[in-house]
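The values are calculated or read from the model by the stated rules, or taken from the named source; none is laboratory data. Remember, it's a predicted structure, so these values are computed and weren't measured experimentally. Quick reminder, even Gly has a Cβ in these numbers, built from the backbone with ideal geometry, and neighbours come from all protein chains shown.
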Amino acid sequence: MCLLASLNPSKYRVFMGPLSPSQLKLRLDNLQGEFHSPIDFGMGFVTKGPRVQRRFSRRLRLMDIPQDLRGKTILDIGAWDGYFSFEFERRGAKRVLAIDAWNGRGLECFLLGHEHFNSKVEYLKLDAHDIDRDKLGAFDFVFCAGLLYHLRHPMLVLQKIRSVCTERLILETNSLIPAVHESTPLITFFPGDDFDTHGRHPGAFPTEAWVSDAMHLAGFARHKIVYRPSFKLLKKLAALATNQPQKGRLIVHAFVD
């Protein structure tokens, strides 16, 4: 596995940030369609349109991330283009480490933001299954958004997350909404992103009950649900009518003590 821990960003720079409008446009045009998030580079350049901007603004609000992160260390798992990593830095975090498997051009997106914002966010190419406290150290906050349902072994990863977390895990995931038996700790089978399941297994979607039980098993002392899926009753009715479970976003904060 190629590790990019604490690389000197200057190795990847073509221009010294912040970039000029013409330089920035050229770089963004080369990465068109690769950004997942609405990163605002200033000068009128935003990587996603108004609809996605509104959605991410709402996500940030619903996640209930502290506005003041001064003195905190944060591990951002599945950072991709760095949207949340740069936000944590903007809120004053003492140290941010962004990790991702970075298949595709996500790392290029991240490095463009890193350069343009003159960021001190550290980055490491690492699969979430390979998290190791001896290699990474410990972090006050661990942030994990849109990742759990991509994992082949989600319970194992949650245990590894707990091993590096000293205060709080902020977890956002797509959750399973079945028509019945929602109080049962269920999770859909998923062999991992490396396997082509021909659409039969789109992700490891857990019920809220599974997430709650998993937090306890992973070693977190307590947790709270800060957001449940919208239109949940309608989704349960749709699941009943179609005999297909639905899904919706779930946000959880889990605490070490």
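Residue by residue, here is whether (1) more than 21 Å from ARG168 (Cβ to Cβ); (2) modelled with pLDDT under 95; (3) assigned to a loop (DSSP other than H, G, I, E, B); (4) within 15 Å of the chain's Cα centre (by Cα) holds:
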residue	(1), (2), (3), (4)
GLN53	yes, no, no, no
ILE65	no, no, yes, yes
ASP68	no, no, yes, no
LEU75	no, no, no, yes
SER85	no, no, no, yes
PHE88	no, no, no, yes
LEU97	no, no, no, yes
TRP102	yes, yes, yes, yes
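Look through segment 41-66, keep the residues that are surrounded by 15 or more Cβ atoms within 10 Å (Cβ to Cβ) and in contact with a strand residue (DSSP E or B) (Cβ under 8 Å, 6 or more places away or on another chain), and return whichever of them is nearest to LEU107 (Cα to Cα).
First, the residues of segment 41-66 that are surrounded by 15 or more Cβ atoms within 10 Å (Cβ to Cβ): 41, 45-48, 52-53, 56, 59, 63, 65.
Adding the requirement that they be in contact with a strand residue (DSSP E or B) (Cβ under 8 Å, 6 or more places away or on another chain) leaves 46-47, 53, 59, 63, 65.
Values: VAL46: 18, THR47: 15, GLN53: 21, ARG59: 22, MET63: 24, ILE65: 24 Å.
Filtering segment 41-66 for residues that are surrounded by 15 or more Cβ atoms within 10 Å (Cβ to Cβ) and in contact with a strand residue (DSSP E or B) (Cβ under 8 Å, 6 or more places away or on another chain), the one nearest to LEU107 (Cα to Cα) comes out as THR47.
Table: residues versus (1) within 16 Å of ILE170 (Cβ to Cβ); (2) modelled with pLDDT of 95 or more; (3) in contact with a strand residue (DSSP E or B) (Cβ under 8 Å, 6 or more places away or on another chain); (4) polar (S, T, N, Q).
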site: GLY192; (1), (2), (3), (4): no, no, no, no
site: GLY203; (1), (2), (3), (4): no, no, yes, no
site: VAL211; (1), (2), (3), (4): yes, yes, yes, no
site: LEU217; (1), (2), (3), (4): no, yes, no, no
site: ALA221; (1), (2), (3), (4): yes, yes, yes, no
site: ILE251; (1), (2), (3), (4): yes, yes, yes, no
site: PHE255; (1), (2), (3), (4): yes, yes, yes, no
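Would you pick out the residues in segment 113-148 that are without any contact (Cβ under 8 Å) to a residue 60 or more places away in the chain, outside any helix (DSSP H, G or I) and closer than 22 Å to THR173 by Cβ?
ILE131
Is it true that some residue in segment 201-212 is of a type in the set (Val, Ile, Thr) and under 18 Å from the mean Cα position of the chain (by Cα)?
The initial filter retains those residues of segment 201-212 that are of a type in the set (Val, Ile, Thr), namely 207, 211.
From what is left, the residues that are under 18 Å from the mean Cα position of the chain (by Cα) are 211.
Yes, some residue in segment 201-212 is of a type in the set (Val, Ile, Thr) and under 18 Å from the mean Cα position of the chain (by Cα).
In segment 233-257, which residues are over 26 Å from PHE139 (Cα atoms), in contact (Cβ under 8 Å) with a residue 24 or more places away in the chain and surrounded by 15 or more Cβ atoms within 10 Å (Cβ to Cβ)?
Answer for segment 233-257, where residues must be over 26 Å from PHE139 (Cα atoms), in contact (Cβ under 8 Å) with a residue 24 or more places away in the chain and surrounded by 15 or more Cβ atoms within 10 Å (Cβ to Cβ): LYS235, LYS236, ALA239, PRO245, GLN246, LYS247, GLY248.
Only residues that are modelled with pLDDT of 95 or more, closer than 13 Å to SER119 by Cβ and either of a type in the set (D, E, K, R) or part of a strand (DSSP E or B) (or both): list them for segment 2-45, please.
PHE41
Report yes if HIS223 is in contact with a Phe, Trp or Tyr (Cβ under 8 Å, 6 or more places away or on another chain), part of a strand (DSSP E or B), within 23 Å of PHE143 (Cβ to Cβ) and not basic (Lys, Arg), otherwise no.
yes
Yes/no matrix, rows are residues, columns are (1) touching a helix residue (DSSP H, G or I) at 6+ places or on another chain (Cβ under 8 Å); (2) of a type outside the set (Gly, Ala, Ser):
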site: LYS94; (1), (2): no, yes
site: ALA101; (1), (2): yes, no
site: LEU112; (1), (2): yes, yes
site: ASN118; (1), (2): no, yes
site: LYS125; (1), (2): yes, yes
site: LEU136; (1), (2): yes, yes
site: LEU147; (1), (2): yes, yes
site: ARG152; (1), (2): yes, yes
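Evaluate the following for GLU89: is it under 17 Å from CYS144 (Cα atoms) and acidic (Asp, Glu)?
Details: under 17 Å from CYS144 (Cα atoms): yes; acidic (Asp, Glu): yes.
Criteria met by GLU89.
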